[in-house]
Every structure is written in structure tokens, then in C-alpha cells.
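Colleague: The structure follows.
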Amino acid sequence: MPELKIQHAKLVELKDDLKDVMPGGKSLTVQFNPESLKLVYANQVKEQPNASGGGGNQSQGSAARQFVGTGSTKLAVQLWFDVSAATSAPFIVDDVRRITAQVLYFIKPKPAPAGSRDASQRTPPGLRFTWGKFLFDGIVEGMEETIEFFSPNGEALRASMALTMVQQDILVPAFDGSGQVPGSRPLWPAGGGQSLQTLQDSARAAGAAPARGSGAGAGAGTPSGGGASGPGGGAMNVFGSGGAPGLAAGAGGVLALSSGAAFQKSGGWQAVALANGIENPRAVPAGQLIDLSATKPRIVSG
């Protein structure tokens, strides 16, 4: 089995417009990934005192609220650095503040660009926090450093950095595609009194089971005539592990014993019943998920 590669979070300097990476800018890969990320969304509102004809509660004299601006999104994250536990560069140093100083770079305002109209106007660098598929662009609003551990001669060895980033916009995640995990197939819960053969035919009609002629046999059930449904008659999709197709038995569910039904390709209904631990195929416990492709008994340890 190939070894899983852990993705580490990164701090990357951006241009002032926060739209692109700064060429030759600062970049730092964190030593330890954060335990959590906290996002705060806020709208900008302005309270206006009441006047004749103004908004708000006139009888109580409450102020009217007016939405202004586009809102903001804040990211709070805590990063840890420990040079006493370092195993690779650039964290193998004598003092952890050599590392945290690189994080402090992102809060220190930069001098105004040459030729700017207002030389006194300084802004902190743009910063991108990225971790796997998570990405947040903004500027550092605040930062707090806590030194946790010292060497016998007083050198700082471990520190945490709590930083808050802000973006003057409500950032809504955008994703490509449906997001369905590859290899997963929906499991269909059976209705009351429905046989497994009818349920398989219903799943086949919905495209969730092999078509006829592939060794799955024949049947007469359809989603409208006896298909799987959840509470209130709506279709229910649940996902099992390993991407194996499976079904859930409803009240009075029965494993189809017909030789022309669902299990010819997988080794027969006997193999499916044995693999799913079903003692009585004619009386399947209501709600039990049935793996139609299983042909070997499950081994449960512990």
C-alpha cells in the first residue's frame, strides 16, 4: 500500500490586490498542521438615530439599521512550532523565534511603493493561507505569540502563533463537480414487504444496479411500483464503505430465492446471505443494509 503523504499548511505572500502570488515573496510551510480553523462571517451595519420619517421603532425611539459595505470574512488559526522536536529544515535551529519571526513578517506594514502619492501610507503584506483544498486570501489583522518551553540556558524552543486574517468580502466556498467520492454507490432502503429481487430491479431501473443481461437476472419491480423509499415515500441514498452496492431491508424484507433473480453473477443468494450474516433469507431484519456484491463472510474483530 502506498504511503499517504501529509499535506502541510502554507503561508504565502500575495500582491497588494490579493489576486496573485508575489513573485519572490515570502513563503513558509508550517511545522505542525493546525487542530482547527475558525471562520467568522459578518455584515457591516450602521445604526442611524431616528428622525421624523426615519426607520426603526418610532414608539420606542430605537435606531434604524442600514447595511453598508460588502461584509467581511475572518479566519482564526493557531500554529505551533517546536525546534526541540524538529526533524527537517528550516526548523532545526537553536531558537524557535527564528521561525516565528518569519510569521511576524506578514503583520509588519511594508513601506509605501516608490512613486506613491502618500509615502506615509503603509499596508501589511497580502497573505494566502492554504492547506490542501482550503484556501484563504487576506491580510493579517492580529497576531499573538506564546512561548511555551525553554532550554536550560534560556533559549525559546516551543511557541504558538495565533493569527487572525481578514478579507473584506463574504467568502463562500466554490467547488467543481458533484463532490461524490469515486467508487461510492448509493444504497437503496427497501420498503415494507418488498423482496430483494424487486428492490434490485428498482435500483437497476434507476441506474444504480447492473442492467439486464449482465448476469443479474430479471424482475418486474420498478421505482414507481415498489421502489425503495424513505420516510414519506421519498428516495433515500446512503453510502457504504468500499464502494460496494448494497440495499437496506424494510419491514418484512425477503431475500429473493428465485433462480432467475438478483444473485447469479455474485455467486447466488446463498453467498450474499452468508456474506451479510443473514440467518433467515426469508425474514431479513428491517433496515439491514445488504451488500449485493459480497460473496465472502465478513470478519469482525474486537
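Colleague: Take Ser72 and tell me if it is of a type in the set (S, T, N, Q), at pLDDT 90 or above and more than 26 Å from Pro173 (Cα to Cα). I'd like the intermediate steps shown before the answer.
Modeller: Numbers: of a type in the set (S, T, N, Q): yes; at pLDDT 90 or above: yes; more than 26 Å from Pro173 (Cα to Cα): no.
No: the conditions fail for Ser72.
Colleague: Being more than 15 Å from Ser160 (Cβ to Cβ) and more than 32 Å from the chain's Cα centre (by Cα) is the filter here; which residues of segment 79-94 pass it? First the steps, then the outcome.
Modeller: To start, the set of residues in segment 79-94 that are more than 15 Å from Ser160 (Cβ to Cβ) comprises 86-90, 92-94.
The answer is Ile92, Val93, Asp94.
Colleague: Select, from Thr222, Thr198, Thr123, Thr130, the only residue that is outside the structural domain of Tyr41 (by TED's automatic domain parsing) and at pLDDT 55 or above.
Modeller: Details: Thr222 fails: at pLDDT 55 or above; Thr123 fails: outside the structural domain of Tyr41 (by TED's automatic domain parsing); Thr130 fails: outside the structural domain of Tyr41 (by TED's automatic domain parsing).
Criteria check complete, one pass: Thr198.
The values are calculated or read from the model by the stated rules, or taken from the named source; none is laboratory data. In this text, all values refer to a predicted model and were calculated from it rather than measured experimentally. All Cβ positions, glycine included, derive from the backbone under ideal geometry; neighbour counts span all protein chains shown.
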